[in-house]
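Undergrad: I am attaching a structure below and will ask some questions about it afterwards.
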Amino acid sequence: AGNNAERAFALLATEPGSSEEQQTFRGLFARGTNSCLHGTTLLNVTRAMVRGAIAEGLYRRGTAIPSHLVQPPLEAGVPNRTLSEAARCYTVAHRSEVEALVAGSRAGSRREYEQLSAMIDGFGACLPETARGRSFDPTLLRYRLVEALLRLPPATPVPSN
């Protein structure tokens, strides 16, 4: 994300779990195309985790995303179908909690788990009916929330009286 934001944005422009994401991911990590791997011959992580780490890297660096990647809040009354849409739903209403998650914890940490546990009731309201009661990997959930945060329109300042 830090060395080539344009390629990182190309990955984020795809739908999570899609064949387009898979193809873009393969291009990002093809032999000889990625300076971050320094000759590593095997990378054994899921695309979802790499995607999330890239989104968090961009967010932590304060990288402005291209306008075509900004995702406005989902329309009211339209049910969420995916974990990414649920993350957008939650992040719109709980932006400060997601910002605190990123600022106050690291991926995979005990603190991350504690912060996500405190968010779960509110997040559950955004889940599709078919996903309620399911468990999610805490770090995957974090990464979906971070990507939603990165892709939200900038926060509108509250006018002072």
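Undergrad: Taking into account only those residues within region 117-161 that are outside any loop (DSSP other than H, G, I, E, B) and among the hydroxyl-bearing types (Ser, Thr, Tyr), which is modelled with the lowest pLDDT? It would help to see each step written out before you state the result.
TA: Filtering region 117-161 down to residues outside any loop (DSSP other than H, G, I, E, B) leaves 117-124, 129-131, 138-151.
Next, from what is left, pick out any that are among the hydroxyl-bearing types (Ser, Thr, Tyr): 117, 130, 139, 143.
Working: 117: 94, 130: 74, 139: 95, 143: 97.
Ranking the qualifying residues of region 117-161, first place goes to 130.
Undergrad: Let me confirm something: among 99, 114, which residue is modelled with pLDDT of 95 or more, over 19 Å from residue 53 (Cα atoms) and acidic (Asp, Glu)?
TA: That would be 114, the only listed residue that is modelled with pLDDT of 95 or more, over 19 Å from residue 53 (Cα atoms) and acidic (Asp, Glu).
Undergrad: Let me ask something else about it. Read through the list (1) closer than 29 Å to residue 6 by Cβ; (2) open to solvent by less than 80 Å² (accessible area, probe 1.4 Å); (3) out of contact with any Leu (no Cβ under 6 Å at 6 or more places or on another chain); (4) at pLDDT 95 or above, then give the number of the only condition that residue 106 fails.
TA: (2)
Undergrad: Please go through region 7-24 and pick out each residue that is part of a helix (DSSP H, G or I) and either at pLDDT below 90 or open to solvent by less than 30 Å² (accessible area, probe 1.4 Å) (or both).
TA: So in region 7-24, the residues part of a helix (DSSP H, G or I) come out as 7-12, 19-24.
7, 8, 9, 11, 12, 21 - these are the residues of region 7-24 that are part of a helix (DSSP H, G or I) and either at pLDDT below 90 or open to solvent by less than 30 Å² (accessible area, probe 1.4 Å) (or both).
Undergrad: Name the pairs: first residue in region 114-126 and within 13 Å of residue 87 (Cβ to Cβ), second residue not in a helix (DSSP H, G or I), Cβ to Cβ under 8 Å, at least 6 apart or on different chains?
TA: Cβ pairs passing all conditions: 119/94; 122/94; 124/132; 126/80.
Undergrad: Does region 128-144 hold any residues that are out of contact with any Pro (no Cβ under 9 Å at 6 or more places or on another chain) and either open to solvent by less than 20 Å² (accessible area, probe 1.4 Å) or among the β-branched types (Val, Ile, Thr) (or both), and which are they? Give the derivation first.
TA: Within region 128-144, the subset out of contact with any Pro (no Cβ under 9 Å at 6 or more places or on another chain) is 130-143.
Within region 128-144, 130, 131, 139, 141, 142 meet the criteria.
Undergrad: Which of the following residues is open to solvent by less than 30 Å² (accessible area, probe 1.4 Å), out of contact with any Lys or Arg (no Cβ under 9 Å at 6 or more places or on another chain) and of a type outside the set (A, V, I, L, M, F, W, C): 124, 62, 77, 57?
TA: Working: 124 fails: out of contact with any Lys or Arg (no Cβ under 9 Å at 6 or more places or on another chain); 62 fails: open to solvent by less than 30 Å² (accessible area, probe 1.4 Å); 77 fails: open to solvent by less than 30 Å² (accessible area, probe 1.4 Å).
Just a single option satisfies the conditions, and that option is 57.
Undergrad: Something else: Please determine whether any residue of region 29-49 is in contact with an Asp or Glu (Cβ under 8 Å, 6 or more places away or on another chain), modelled with pLDDT under 95 and not in a loop (DSSP other than H, G, I, E, B).
TA: Of all residues in region 29-49, those in contact with an Asp or Glu (Cβ under 8 Å, 6 or more places away or on another chain) come to 47.
Those left that are additionally modelled with pLDDT under 95: 47.
Checking which are not in a loop (DSSP other than H, G, I, E, B) leaves us with 47.
Yes.
The values are calculated or read from the model by the stated rules, or taken from the named source; none is laboratory data. In this text, all values refer to a predicted model and were calculated from it rather than measured experimentally. Methodologically, a virtual Cβ is constructed for each residue, glycine included, from the backbone with ideal geometry; neighbour enumeration extends over all protein chains shown. The protein model used for the area step is the full one, side chains on, heavy atoms only, and it has no ligands, DNA or RNA in it. Shrake-Rupley method; radii C 1.70, N 1.55, O 1.52, S 1.80 Å.
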